[in-house]
Amino acid sequence: MSWFILPTGDVLAQQLCNGLLLGSLFALVAVGYTMVYGILRLINFAHCDIFMMAMYIAFFTVADDFRMWVLSFVVVIIATAALGVLLEKSAYAPLRRQNAPKLSMLISAIGASYLLENLATVLFTGRPKTFPQIPFFVDMLQIGPVRIQRLAIIVPVVTIILMVILLLLINKTKSGMAMRAVSKDLETAKLMGINVNATISFTFAIGSAIAAVGAILWGLKYPQISPLVGVMPGLKCFIAAVIGGIGNVKGAVIGGVLLGFIEVMAVTFCPSISAYKDIFSFVLLIVILLFRPNGIIGEKLAEKV
């Protein structure tokens, strides 16, 4: 068995499209990790389960009727944003008011993750469900010799649009200015009259809403849903955020796209190890942490004494 195979030009072009698709999906979910970390210096391990709950919400609300799916998507995004705010208010805000150490908040995040997974098991059972497939998204397109799903075009475009909107929000609006102020120094932001609690809740809402978009598009590409469906994508998206520079929105996008390309191209050139494709994400994480621990475009953070 040959370990290395040189693909033809057509196959390579098709796999590049697949890598861009997967990387864009990683980027959408990685943004939620990086936004929360940028504000609270906290890894929100429950973010992958917000992603999972969004898929279940979509399963029960997304309509096969082309005329109704836009309304269904809006409902999913709003419901997931509300779930993200509820998570922040119940799991993190009480600890923040008590000036609890970061370790306590980290433990709370892990507990919230297990709670959502078990809640999904109770509510929806552990039996996998199939995400509704909308022909407009999953139909195949013929572009020259390459056949790709329409999703391979839609997902990168949606990712770019959302990232541009998010960067404009952060850099050009009062809410974005408050988010940047809180990320720099939470106590000083309070003294300057910024409603810190509202700003943090707004951050969770935005991150969860973008994760909902990612969950919908992920479900269209990988239609099987289960209570643990968010675990591996969540780990990879966290890795993508770290690779790009956690706390940096552009870094999350770059890290996600890079990770998607590496995973797809590794399997393309070495198909015999396709069963072990997940290992490439963790190897890349180790390499980045060894040689550039702040990520590709991450900034060095001064330690507070």
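Here are a few things to note about the model shown:
- Surface share of carbon and sulfur [accessible, 1.4 angstrom probe, percent] for region 147-243: 69
- 3J(HN,Hα) along region 250-262, derived from phi through the Karplus expression 6.51 cos²θ - 1.76 cosθ + 1.60 where θ = phi - 60°, amounts to 4, x, 4, 5, 4, x, x, 5, 4, 5, x, 5, 4 Hz, with x in place of Gly and Pro.
- Near I296, the amide H atoms lying under 5 Å from its own belong to G244, G245; only residues 5 or more places off or on other chains count, and H is placed 1.01 Å from N.
- Amide H contacts of L141: I148, Q149, R150, each under 5 Å away and 5 or more positions distant or on a separate chain (H built 1.01 Å from N in the peptide plane; Pro and chain starts excluded).
- For the set K172/K236; K172/K250; K89/K236; K184/K236; K184/K250, the pairs lying more than 21 angstrom apart at their alpha carbons are K172/K236; K89/K236; K184/K236.
- For region 87-246, a/c is not less than 1.5, where a ≥ b ≥ c are the root eigenvalues of the C-alpha gyration tensor, and a/b does not top b/c. That puts it in the oblate class.
- GNM flexibility winner over the chain from P156, P135, P233 (Cα, springs under 10 Å): P135
- Cα-based reach from K129 at 21 Å (exclusive), listing lysines while leaving out same-chain residues under 8 positions away: K221
- Accessible heavy-atom area order of R127, R150, highest first, probe of 1.4 Å: R127, R150
- For region 160-220 and region 250-301, distance of Cα centres in Å: 25
- For region 4-52, accessible area per residue (1.4 Å probe, heavy atoms of protein chains only), Å²: 29
The values are calculated or read from the model by the stated rules, or taken from the named source; none is laboratory data. None of the values given here were measured: they were computed from a predicted structure. For the accessible areas, the whole protein counts, side chains as well, though only heavy atoms, and no ligand, DNA or RNA atoms are used. Shrake-Rupley method; radii C 1.70, N 1.55, O 1.52, S 1.80 Å.
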